[in-house]
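The structure appears below as structure tokens.
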Amino acid sequence: MVHRTTILMTEFVTHDVKRFIVKKPDIFNFTSGQGVELVIDQEKWREEEGRPFTPTSLATDEVLEFTIKRYPEHKGVTDKLHTLTAGDNLLMSEPFGTISYKGPGIFIAGGAGITPFLSIFRQLHVERATTKQTLIFSNKTSADVICEKELRYYFGSRCHLLCTREKVAGYENRRIDRKYLQKIIPATDQYVYICGPDKFVEEINLIARDLGFAPETIVYEE
């Protein structure tokens, strides 16, 4: 089923990431971590293939939120999405995906890969269960960090923010590698959740297995 929905408001979250609040269809349910395909409901754009985005709102919210990064080098859908305003319409697929909360663990995200985790984190906060989790979040610079204040609030000292191209107080200037994960992760008897660019997911997945995580405890979009 394809749902037609309307944008209610937009606002910037970072210099190149926007938050979209849209109407929630009457019959629409998703599990935190799942994604949908969005199509811009305008001439020319309706013919485009749907692009995957993840609702970042709670599943119980009366509206849907999407947190979408613009990729100007692609000159495509995210560019156009960032020009839309309240009243514009989107076409939305049914939810899909393999990322969902399984139990306490380590969340490892690269860039916009944090978005499938946001709904999960917000639900865990409602359940007062964020104290059982750890976040490792890598970005190029501090200006790229999505929802930084919210994440620091949820995870406190277990919120590890890394910048690969900038040295600034409050962030670790390094990449996520085996040595780093070995230091941060105390034990492998928990889940590890991974999301980010394909190469990032592949590399972290291999490291997690090498550190001793069982394949069934590694959660990522397959």
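Each value in this text was obtained by applying a stated rule to the coordinates, not by laboratory testing. On a predicted model such as this, the values are computed, not experimentally measured, just so you know. Here the Cβ positions follow ideal geometry from the backbone for every residue, glycine too, while neighbour counts run over all protein chains shown.
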- Task: Could you quote the convex hull projected area for segment 105-219, Cα atoms only and averaged over all directions, in nm²?
- Result: 6.7
- Please sort 168-181, 64-77, 192-205 by packing, taking for each peptide the average over its residues of neighbouring beta carbons within 10 angstrom, highest first. 192-205, 64-77, 168-181
- For the chain, what is the percent of antiparallel DSSP beta bridges, rounded to the nearest 5? 60
- Calculate the dipole size of segment 3-92 relative to its Cα centre from +1 charges on Lys and Arg beta carbons and -1 charges on Asp and Glu beta carbons; express the result in debye to the nearest 20. 120
- Item | Environment charge at Ala109 (Cβ cut-off 13 Å; Lys +1, Arg +1, Asp -1, Glu -1) | -2
- Task: Quote the charge dipole size of the chain about the Cα centre in Debye, to the nearest 20; the model charges only the Cβ of Lys and Arg (+1) and of Asp and Glu (-1).
- Result: 840
- Entry for mean projected area of the Cα convex hull in nm² (calculated from the structure that is shown) out of [x] 13.2; [y] 12.2; [z] 19.6: [y]
- For Thr141, what is the net charge nearby, where nearby means another residue's Cβ is under 14 Å from its Cβ and Lys, Arg count +1, Asp, Glu -1? +1
- Message: For Lys183, give me every one of the aspartates and glutamates with a C-alpha distance below 15 angstrom, ignoring sequence neighbours fewer than eight places off in its own chain.
- Response: Glu172, Asp210
- Query: When N is the residue count of segment 3-92, what does its C-alpha Rg come to as a fraction of 2.2 N^0.38 Å?
  - Reply: 1.01
- Step through the table entries Lys140/Lys199; Lys75/Lys199; Lys23/Lys140, compare each Cα-Cα distance with 27 Å, and write down the pairs that go over it. Lys23/Lys140
